[in-house]
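A.B. asks: Before anything else, here's the structure in question.
The values are calculated or read from the model by the stated rules, or taken from the named source; none is laboratory data. What you are looking at is a predicted structure, and each value in this text was computed from that prediction instead of being measured. Cβ placement follows ideal geometry from the backbone for every residue including glycine, while neighbour counts extend to all protein chains displayed.
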Amino acid sequence: MPTVPPPVTAQFASRISAIGSENAFKIGPHIREVESRGTRVIRCNIGEPDFPLPHHIAEAVKREIDRGQTHYCDPQGVEPLRAAIAKSMGESRGVEITPDRVVVFPGAKPPIGFAQEIYCDPGAEVIYPSPGFPIYESFTRYLGAVPVPLHLREEQSFAFGARDIERLITGRTKLIYLNFPSNPTGGVASREQLEEIADVIMALAPPDVRVYSDEVYEHILYGCAKHHSIASVRGMAERTILVSGVSKSYAWTGGRVGWAVLPTAEEAAVFRNLNINYFSCVPAYNQLGAAHAIESPQSAVSIAEMVGEFEERRDFIVPRLNAIDGITCAMPQGAFYVFPNIAGVCDRLGIHDHFASSMFQMFLLYEYGVATLDRKSFGQIGAEDKHYLRISIATAMDDLQEAVARIERASTDVEGFRRFIAKGKVA
Ligand SMILES: Cc1ncc(COP(=O)(O)O)c(C=O)c1O
């Protein structure tokens, strides 16, 4: 019998330890472990609408498969989709967009890292909101750039003003991420706030500094909230990378279609070349389905139905959370998350760790079967001593009702928390 050599431990490149991740996906094995013990887990962790792909879009995708749109296609994105994006984004933002400045990606996530690869040399500074979508911070150190978190404070309704960003812009700033409506806080910027921010950027940052405006939740708005884009402010379209996609608006996270509008065709060509290097192209049948989604008048109807349900859930859960002793929760104006402050609960349970919300998050999952995300899932730098959870309301009403009841019970279970810690199960 030939002897099998023992496996050799892989040696990873040093840069790989510097990249972060997205905990909404990383928490999956913990959920499976809890479920394997027979507990039903209520999943309030992931940012994915719990609605099917609207019928008219699904039919369009099937038609395109039947038409044979199943081959390689333009790495920049198929022409009909780029034309539909240029027209709809241009009209809604009041700016002129040509299809040669549009690039299509597998989702709105890839251009986040690509932008840093394209614009940032080592030492370049990247400003991003914190709490914010984790991928903004995740790439910075991996690429040798310098993360500069713009801390959003609950006292200011998680918005920020000119003065907050003013002090962060330096001669080394290359990229500034904005995200309205915002993940995880649900904050929406007014036209006046964006004008103030734009004034500061135009005054302090040279014209080659790019503003990355992540607008993937552009259609998920409540009450009288309206979506405004910084690209609509005079002088900003020339500096702004405008990003959106199909995942949230059309409940189509599995379609993997997102896009960016670049300030110039020259920049679009550089993104196109990264597409060629990484994945060649996005499936043409999904892109053509996305073009139909953008152009069809039926889409406004399906968006309104979905947002109406999210709004009912928001109006249910926010007062219920506020009624729990130790929790305060602001009313989100957009996106589909609530972001309660749980500092009082952490105090009551005797959690005095810098990352108390992470400990409560795990307790809630393992002992009460509710999956949420902790504060440090939304930017690690400066997340110490900030005790929040993100709860996704893209979760059926029955489940949300049960989730709040479980959170309430967990919030007073001092003895249960002590036993949980003794088991050593904190991530
Ligand atoms: C703010 C923000 N940007 C980008 C994305 C990426 O979305 P996708 O790649 O599914 O289009 C998400 C997903 O949750 C998000 O919340």
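A.B. asks: So, residue 250, is that one over 30 Å from residue 301 (Cβ atoms), modelled with pLDDT of 95 or more and within 16 Å of the ligand (Cβ to nearest atom) or not?
C.D. replies: no
A.B. asks: Also, quick follow-up: Can you tell which of 233, 257 is among the aliphatic types (A, V, I, L, M), modelled with pLDDT of 95 or more and either under 20 Å from residue 124 (Cβ atoms) or away from the ligand (no atom under 12 Å from the Cβ) (or both)? Spell out the reasoning first.
C.D. replies: Working: 257 fails: either under 20 Å from residue 124 (Cβ atoms) or away from the ligand (no atom under 12 Å from the Cβ) (or both).
From the options 233, 257, the qualifying one is 233.
A.B. asks: Taking the options 284, 268, 291, name whichever one is modelled with pLDDT of 95 or more, of a type in the set (A, V, I, L, M) and over 21 Å from residue 90 (Cβ atoms).
C.D. replies: 284
A.B. asks: Moving on to the next point. Restricting to the stretch 6-48, name every residue that is more than 16 Å from the ligand (Cβ to nearest atom), part of a helix (DSSP H, G or I) and either basic (Lys, Arg) or more than 22 Å from residue 138 (Cβ to Cβ) (or both). Show your work before the answer.
C.D. replies: Keep residues of the stretch 6-48 that are more than 16 Å from the ligand (Cβ to nearest atom), which gives 6-19, 29-42.
Keeping just the survivors that are part of a helix (DSSP H, G or I) gives 14-18, 29-36.
The answer is 15, 32, 33, 34, 35, 36.
A.B. asks: Please count how many residues of the stretch 112-135 are closer than 18 Å to residue 183 by Cβ, of a type in the set (A, V, I, L, M, F, W, C) and not in a loop (DSSP other than H, G, I, E, B).
C.D. replies: Number of matching residues: 5.
A.B. asks: Scan the stretch 169-180 and tell me whether some residue there is away from the ligand (no atom under 16 Å from the Cβ) and under 22 Å from residue 384 (Cα atoms).
C.D. replies: no
A.B. asks: Moving on to the next point. Being within 16 Å of the ligand (Cβ to nearest atom), surrounded by 20 or more Cβ atoms within 10 Å (Cβ to Cβ), over 21 Å from residue 29 (Cβ atoms) and in contact (Cβ under 8 Å) with a residue 40 or more places away in the chain is true for just one of 393, 342, 317. Which residue is that?
C.D. replies: Going through 393, 342, 317 in turn, the sole match is 393.
A.B. asks: Here is a check on your reading of the model: is residue 82 assigned to a helix (DSSP H, G or I) and touching a strand residue (DSSP E or B) at 6+ places or on another chain (Cβ under 6 Å)?
C.D. replies: Yes: the conditions hold for residue 82.
A.B. asks: I'd like to verify a number: residues in the stretch 105-123 that are of a type in the set (Val, Ile, Thr) and within 11 Å of the ligand (Cβ to nearest atom), how many?
C.D. replies: 1
A.B. asks: Could you check the stretch 136-243 for strands (runs of 3 or more DSSP E) lying wholly inside it with 1 or more residues that are closer than 17 Å to residue 330 by Cβ?
C.D. replies: The strands (runs of 3 or more DSSP E) meeting that bar are 146-151, 173-179.
A.B. asks: Another one. Being more than 22 Å from residue 131 (Cα to Cα) and touching a Gly at 6+ places or on another chain (Cβ under 9 Å) is the filter here, so list the residues in the stretch 312-348 that pass it.
C.D. replies: Here is the first cut: in the stretch 312-348, the ones more than 22 Å from residue 131 (Cα to Cα) are 312-313, 315-316, 319-320, 323-325, 348.
Residues satisfying the conditions are 324, 325, 348.
A.B. asks: Within the stretch 197-226, count every residue that is surrounded by fewer than 19 Cβ atoms within 10 Å (Cβ to Cβ) and either within 16 Å of the chain's Cα centre (by Cα) or not hydrophobic (A, V, I, L, M, F, W, C) (or both).
C.D. replies: 6
A.B. asks: A further question on this structure: Which number in (1) more than 9 Å from the ligand (Cβ to nearest atom); (2) crowded, with 24+ Cβ neighbours inside 10 Å marks the one condition that residue 238 misses?
C.D. replies: With respect to (1) more than 9 Å from the ligand (Cβ to nearest atom); (2) crowded, with 24+ Cβ neighbours inside 10 Å, residue 238 is out only on (2).
Okay, residues lined up against (1) over 13 Å from residue 111 (Cβ atoms); (2) not in a loop (DSSP other than H, G, I, E, B):
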residue: 248; (1), (2): yes, no
residue: 260; (1), (2): no, yes
residue: 263; (1), (2): yes, no
residue: 268; (1), (2): no, yes
residue: 271; (1), (2): no, yes
residue: 274; (1), (2): no, yes
residue: 282; (1), (2): no, no
residue: 287; (1), (2): yes, yes
residue: 292; (1), (2): yes, yes
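Condition check ((1) in contact (Cβ under 8 Å) with a residue 12 or more places away in the chain; (2) out of contact with any helix residue (DSSP H, G or I) (no Cβ under 7 Å at 6 or more places or on another chain); (3) under 24 Å from residue 312 (Cβ atoms)) across all residues:
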| position | (1), (2), (3) |
| --- | --- |
| 366 | yes, no, no |
| 369 | yes, no, yes |
| 372 | yes, no, yes |
| 376 | yes, no, no |
| 379 | yes, no, no |
| 383 | yes, no, no |
| 389 | yes, no, yes |
| 397 | yes, no, yes |
| 401 | yes, yes, yes |
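A.B. asks: Right, next: When you scan the stretch 110-143, how many residues do you find that are aliphatic (A, V, I, L, M) and surrounded by fewer than 22 Cβ atoms within 10 Å (Cβ to Cβ)?
C.D. replies: 4
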